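Colleague: Here it is: the structure, laid out below.
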Amino acid sequence: MTEQLSAKKMRESRAVKASIVLPPDTNTHHTMFGGKVMAYIDDIAAISAMRHCRKRVVTASTDSVDFLNPIKVGDSICLESYVTWTHKTSMEVFVKVVAEDLLTGQRVLCATSFLTFVALDADNRPTPVPNVIPETPEEQSLYESASIRAEARRARRAESKKHAEAFNPKKPWDR
């Protein structure tokens, strides 16, 4: 029996995370470690993916993390994410990262990212996810351009598989 899934609005998967940037979060330039930002991005994106499908998920890929502006010690970092597109068992999640100077109120977009998550059933196998419904102009724009990103993802994955075959460590006796 096939499970009938109702489509969900993008805003239903929206997640927001805010935090103050402290000295241990920063590098020698007194800006936030890129790796820490990436961990925050993966975390908030997973929450959005799980809200959308109400199942456990795994990160399948990160298309890119585009760092646009530095995030300084003392700033607030705010991440917002939501599911922008779905396939059979996978979901594309968009994340934007905004820094705010808490003394002046100035806010600036610091990073954007697209990630893909796969929903899992109780046996850790991929399982169907609901379709997504865009409502706002921003959501519509992301939804309409998703097929282009999905095609680029497929091509990049094929290239990664070629590299994996070529560079996969061999056992010493297979040389």
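Colleague: Below 30 Å Cα-Cα, how many Lys pairs turn up in the range 33-175? Only count pairs eight or more apart in sequence, or on different chains, if you could.
Modeller: 17
Colleague: List the aspartates and glutamates whose alpha-carbon lies under 15 Å from that of K8, not counting same-chain residues fewer than 8 positions away?
Modeller: The reachable aspartates and glutamates, counting only those whose Cα sits under 15 Å from K8, are E92, E135, E139.
Colleague: Hey, another quick one. In deg cm²/dmol, rounded to 500, what helix-only [θ] at 222 nm does the chain give when every DSSP H run of at least 4 residues adds -39500 (n - 2.57) and the total is split over its residues? Provide the component values of the computation, followed by the final result.
Modeller: On the way: 3 runs with 50 residues, N = 175.
Calculated from helices alone, the mean residue ellipticity at 222 nm is -9500 deg cm²/dmol.
Colleague: Report, in debye and to the nearest 20, how large the dipole of the range 8-170 comes out about its Cα centre when Lys and Arg carry +1 and Asp and Glu carry -1 on their Cβ.
Modeller: I would put it at about 600 debye.
Colleague: Can you list the residues, at least 5 places off or on another chain, whose amide H is less than 5 Å from the amide H of N131, using H built in the peptide plane?
Modeller: So N131 has HN proximity to A7, K8.
Colleague: Something else: Using the Cα gyration tensor of the range 53-136, with a ≥ b ≥ c the square roots of its eigenvalues, what is the shape: rounded (a/c below 1.5), prolate (a/b larger than b/c) or oblate (neither)? Before the final figure, lay out the partial values.
Modeller: Working: a/c = 2.87, a/b = 2.43, b/c = 1.18.
Cα axes put the range 53-136 in the prolate bin.
Colleague: OK, next. Would you kindly give the portion of the calculated P(r) for the chain that falls above 24 Å, as a percent of all Cα pairs? Could you put the intermediate results ahead of the total?
Modeller: Values: 6890 of 15225 pairs.
In whole percent, the long-distance tail amounts to 45.
Colleague: Also, I was wondering about something else. What ratio of Cα Rg to 2.2 N^0.38 Å holds for the range 97-175? All intermediate terms of the calculation are to be shown ahead of the outcome.
Modeller: Details: Rg = 20.2 Å, N = 79, 2.2 N^0.38 = 11.6 Å.
Normalised Rg, Cα atoms only: 1.74.
Colleague: Which percent of the Cα-Cα distances in the range 13-70 go past 18 Å? Walk me through the intermediate numbers first.
Modeller: Values: 724 of 1653 pairs.
Here the long-distance tail beyond 18 Å is 44 percent of all Cα pairs in the range 13-70.
Values in this text are rule-based calculations from the coordinates and carry no lab data. It should be emphasised that the depicted structure is a prediction, and the values quoted were computed from it without experimental measurement. Quick reminder, even Gly has a Cβ in these numbers, built from the backbone with ideal geometry, and neighbours come from all protein chains shown.
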